[in-house]
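Chemist: Before anything else, here's the structure in question.
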Amino acid sequence: PPGEVMIRPWAVWSVLQFEFRRALTWQRLVFVAAFALFPAGLISLIQHQGGHLQRGPAAAIALFVLIPGVLCLLGLLLWAAPAVYSELEGKTWIYLAVRPAGRGSILVGKYLAAVAWTILTGWLSLALCLGVLRFDMSVSHLMIPLAALVVCSCVVYGALYILIGVLFLQKGLVAGVAYTALMETPIHGRPAIINHLSVQYTR
């Protein structure tokens, strides 16, 4: 029927493969490495200045805030929010949209590609942070829960920023930045109903 959004697994897989091949450039790999090094470098700096992140609770909170809370959010803001606009800019969206299962498959494929890249970046960052913390046993047992939180964060933020990119086609990145600055930073900790509009709301 007209207006129905169809998704075909083979088309999604093709989009995912294409996005990975297109992203496997030295610029993207350098960016991923720099992104992954940021939390480890910050933790190293805190320790160098006399911080006490060797203690399990402090290190766990720092890793949770820096990786699922900040790194994953920023990674998906950069990779998922402008996904549709990049196709509009390349003048390929109109051809994809008129094909059977074109719109749905391209969106899901781009979503999965952005989520996969961000998950890999988050896991690499966790491994680097664990190395900086010298494999402290009080922190090592938290790696699996934190790795799972990276996946959860990427799945949720990826869907959110793809939605923002669809609703604000030409200003998806700007709208994503505005949402992040307004909802995920000052409002998520407010003790009111409005904080439920954010991903990181606290009870």
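Nothing in this text is a laboratory measurement; each read-out follows from the coordinates by a stated rule. No experiment lies behind these values; they were computed from the predicted model shown. Reconstructed Cβ throughout: ideal geometry from the backbone, glycine too, with neighbour counts over all protein chains shown.
Chemist: How high is the FRET efficiency from LEU29 to LEU182, r the C-beta distance, R0 45 Å, rounded to 0.05?
Modeler: 0.90
Chemist: At 7 Å along the Cα-to-beta-carbon direction for both SER14 and VAL174, put a label point, then send me their distance in nm to one decimal.
Modeler: Label at SER14, label at VAL174, 3.4 nm between them.
Chemist: Suppose the chain between ALA58 and ALA147 were pulled fully straight at 0.36 nm per residue; how much longer would it get relative to their current alpha carbon spacing?
Modeler: Computed gain between ALA58 and ALA147 is 30.3 nm.
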